[in-house]
Amino acid sequence: MTEAPSARAAQEGFQAAKEGFQEEALPYLDAVYRFALRLSGSPDQAADLVQETFLRAFRSWDQYTRGTKAKSWLFTICRNLFLRGRERMLRHDQLIERNMERDDTLPDPVNPVWASVDSADPEGAFFDALVDAEILDAIDALPEEYRAVILLSDLEGLAYQEIADVLGIPVGTVKSRLFRGRRRLQEALYAYAVEMGHIPAGVASRDGG
Amino acid sequence: MVQEFLDGALEDVSAEQVRAHFEACSRCYPHLRFERSFREALARVTRGEGAPTDLKRRVVDLLASAAGHDASGTPEGDG
């Protein structure tokens with residue numbers, strides 16, 4: 001069947017629409033990979049997630065509203081793919097997550113981790129002593145609902161509303177999980193810093209322990 | 001408040017007031033420094049971490065063949 005002029009025009013129009021994808025979506029490949037890696041904990045799974053995410057995004061590029069940020073949209077697709085894959089095996093985790101969502105309260109304004117380090121290292125210099133692998137391990141050990149918001153906010157720079165859109169939760173829940181998650185992460189990093197000797201143990205334990 | 005301030009989530013006027021307070025107040029300033037050190041450590045983590053090169057290539061190939069396949073519905077090699 002020979003190509004009619006209209007068919008070629010349609011094909012070129014299709015190609016042109018997809019070219020926007022290269023400028024607007026492909027640059028986020030690294031960010032999506034990092035996110036997928038932290039979600040799945042596996043480079044192989046992350047690679048699969050990246051490929052599937054970009055394929056889906058590419059296929060629905062025409063429906064994508066340019067008003068929203070491509071980065072958030074890609075993260076949404078990626079996370080949904082991840083959850084769908086996990087859903088088949090771990091249904092009870094979702095029940096836990098649903099329970100977590102009801103906690104919209106913000107944590108105590110006085111940061112207990114800061115209170116612990118107070119005189120030993122009030123400015124948190126011990127954070128500098130930690131290497132990337134240690135920080136990533138601590139992030140990976142966080143409960144998923146905390147890890148997701150921290151990844152999106154503190155590693156990928158999304159705003160509260162963007163995170164709310166990606167995860168499909170209210171902004172209030174984003175803030176609550178974010179602030180609690182950060183505390184939890186600080187506790188873990190602090191404990192690790194004590195273990196590694198970045199903070200003298202004698203000064204570190206101020207509870208008489 | 002510190003969290004929202006550092007997240008850039010406060011309106012300009014409030015942000016300015018909060019910043020001025022935290023930097024002047026000797027009790028609050030260490031909290032701010034502490035939170036900043038924490039954020040800086042996290043921000044450091046992502047630098048240099050990217051997708052493997054072969055993965056990028058695979059994605060581009062995948063999209064190229066998807067484009068060819070979806071556009072014409074006929075096998076590639078028309079043009």
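The values are calculated or read from the model by the stated rules, or taken from the named source; none is laboratory data. Note that this is a predicted model, so its numbers are computed, not measured. Cβ placement follows ideal geometry from the backbone for every residue including glycine, while neighbour counts extend to all protein chains displayed.
Observations on the model:
- Being touching a helix residue (DSSP H, G or I) at 6+ places or on another chain (Cβ under 8 Å), within 22 Å of B:Val2 (Cα to Cα) and crowded, with 19+ Cβ neighbours inside 10 Å holds for only one residue in A:Leu167, A:Leu155, and it is A:Leu155.
- Tallying residues that are small (Gly, Ala, Ser), at pLDDT 90 or above and in a helix (DSSP H, G or I) within segment B:51-65 yields 0.
- All helices (runs of 4 or more DSSP H) inside segment A:1-115 with 3 or more residues being modelled with pLDDT under 85 and at negative phi: A:5-24, A:70-87, A:91-101
- For B:Tyr29, the criteria (1) more than 8 Å from chain A (Cβ to nearest Cβ); (2) out of contact with any Phe, Trp or Tyr (no Cβ under 9 Å at 6 or more places or on another chain) hold in every case but one, which is (2).
- The single condition among (1) at pLDDT below 85; (2) closer than 30 Å to B:Val18 by Cβ that B:Gly68 does not satisfy is (2).
- Meets criteria (within 18 Å of A:Lys71 (Cα to Cα), over 10 Å from the mean Cα position of the chain (by Cα) and either at pLDDT 95 or above or among the charged types (D, E, K, R) (or both)) for A:Asp165: yes
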